[in-house]
Amino acid sequence: MMRLDKFLATLGLGSRKEVKKLITSGQIQVNDVTVTKVNHGVDEDHDQVAYLGQELVYQAYYYVMLNKPDGLVSATEDKMHETVIDWVALDFDHVDLFPVGRLDIDTTGLLLLTNNGQLAHQLLSPKKHVAKTYQALVTGQVSEVDIAAFAAGIRLKDFTAQAAELEILDYDPDKDQSLTKVTIHEGKFHQVKRMFLARDHEVLHLHRVSMGPLDLDPDLDLGQYRELTAAECDLLRPYGLE
């Protein structure tokens with residue numbers, strides 16, 4: 001059971017103060033009966049709640065795909081920088097979203113935002129080895145030797161990375177830069193950048209294109225976001241999506 005005012009605020013119908021006015025003014029119906037008490041109990045799974053005759057469908061969990069632009073911090077709040085939650089607040093201010101994992105402030109691409117802690121735990125659990133794939137623009141010409149080194153596990157100062165898949169997409173001899181695709185199965189701090197540095201390649205730009213079964217929508221421009229489709233949600237059900 002949930003208080004009616006909280007139910008309406010959760011749906012984004014307004015702030016607690018605003019939805020209380022809707023209730024007390026007789027604009028809300030529960031099971032075809034007008035309710036004017038803000039603390040009226042609502043069974044979100046079975047009761048029918050309507051605003052001016054239009055039924056409201058309760059949504060407990062939200063799943064938002066963001067094509068993260070450069071300059072945003074992957075956090076719920078930050079005193080110095082704009083966060084990914086600030087970025088989507090216009091549409092999702094009524095939901096306590098948080099990012100599933102983090103992308104560096106200068107890294108772009110796929111970032112999932114949700115209020116489902118179980119899903120986030122499953123996707124981030126080291127035991128699950130959820131794959132994360134990036135396009136990386138790096139200095140120098142990446143070689144088959146680099147591919148073999150990634151596959152064997154790059155040894156870093158504080159740990160040895162798990163085997164990773166490295167693919168060469170393009171090489172620009174004029175700029176001496178390689179465009180690559182790399183898939184890792186863990187998520188240590190600055191991991192991809194450190195792995196390339198260990199092979200004498202500096203990462204110039206990093207863009208995440210997938211996480212587990214979820215691919216970044218190619219039609220989603222940098223900075224754009226949307227809720228996951230039903231098909232995308234189905235892909236995440238093995239990880240605790242409800």
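Worth a mention:
- Residues of segment 1-47 that are of a type in the set (S, T, N, Q) and over 31 Å from the mean Cα position of the chain (by Cα): Thr24, Ser25, Gln27, Gln29, Asn31, Thr34, Thr36, Asn39.
- Of all positions in segment 129-137, at least one carries a residue that is of a type in the set (Gly, Ala, Ser) and touching a residue at least 60 places away in the same chain (Cβ under 8 Å).
- Residue among Leu166, Leu241, Leu228 that is at pLDDT below 95, crowded, with 18+ Cβ neighbours inside 10 Å and not charged (D, E, K, R): Leu241
- Residues that are within 11 Å of Leu4 (Cβ to Cβ) and of a type in the set (A, V, I, L, M) were ranked within segment 28-48; the one that is surrounded by the most Cβ atoms within 10 Å (Cβ to Cβ) is Ile28.
- Any chance Lys188 is touching a strand residue (DSSP E or B) at 6+ places or on another chain (Cβ under 7 Å), of a type in the set (Lys, Arg) and not assigned by TED's automatic domain parsing to the domain that holds Ala120: no
- Test: residue in segment 73-87 that is touching a residue at least 40 places away in the same chain (Cβ under 8 Å) and out of contact with any Ser or Thr (no Cβ under 7 Å at 6 or more places or on another chain): yes
- When residues of segment 216-242 are limited to those that are part of a loop (DSSP other than H, G, I, E, B) and free of Cβ contacts under 8 Å to residues at least 40 places away in the same chain, the one nearest to the chain's Cα centre (by Cα): Thr229
- Selected residue [hydrophobic (A, V, I, L, M, F, W, C), outside any strand (DSSP E or B), closer than 24 Å to Ser178 by Cα and in the same structural domain as Phe189 (by TED's automatic domain parsing)] from Ala136, Ala149: Ala149
- Given (1) part of a helix (DSSP H, G or I); (2) crowded, with 21+ Cβ neighbours inside 10 Å, index of the condition Ala89 fails: (2)
- Residue within segment 174-182 that is under 15 Å from the mean Cα position of the chain (by Cα), surrounded by fewer than 18 Cβ atoms within 10 Å (Cβ to Cβ) and either part of a helix (DSSP H, G or I) or not basic (Lys, Arg) (or both) present: no
- On inspection, Gly53 qualifies as touching a residue at least 24 places away in the same chain (Cβ under 8 Å) and either among the acidic types (Asp, Glu) or surrounded by fewer than 17 Cβ atoms within 10 Å (Cβ to Cβ) (or both).
The values are calculated or read from the model by the stated rules, or taken from the named source; none is laboratory data. Source: prediction; values computed, not measured. Cβ coordinates were reconstructed from backbone atoms using ideal geometry, including for glycine residues, and neighbour counts include every protein chain displayed.
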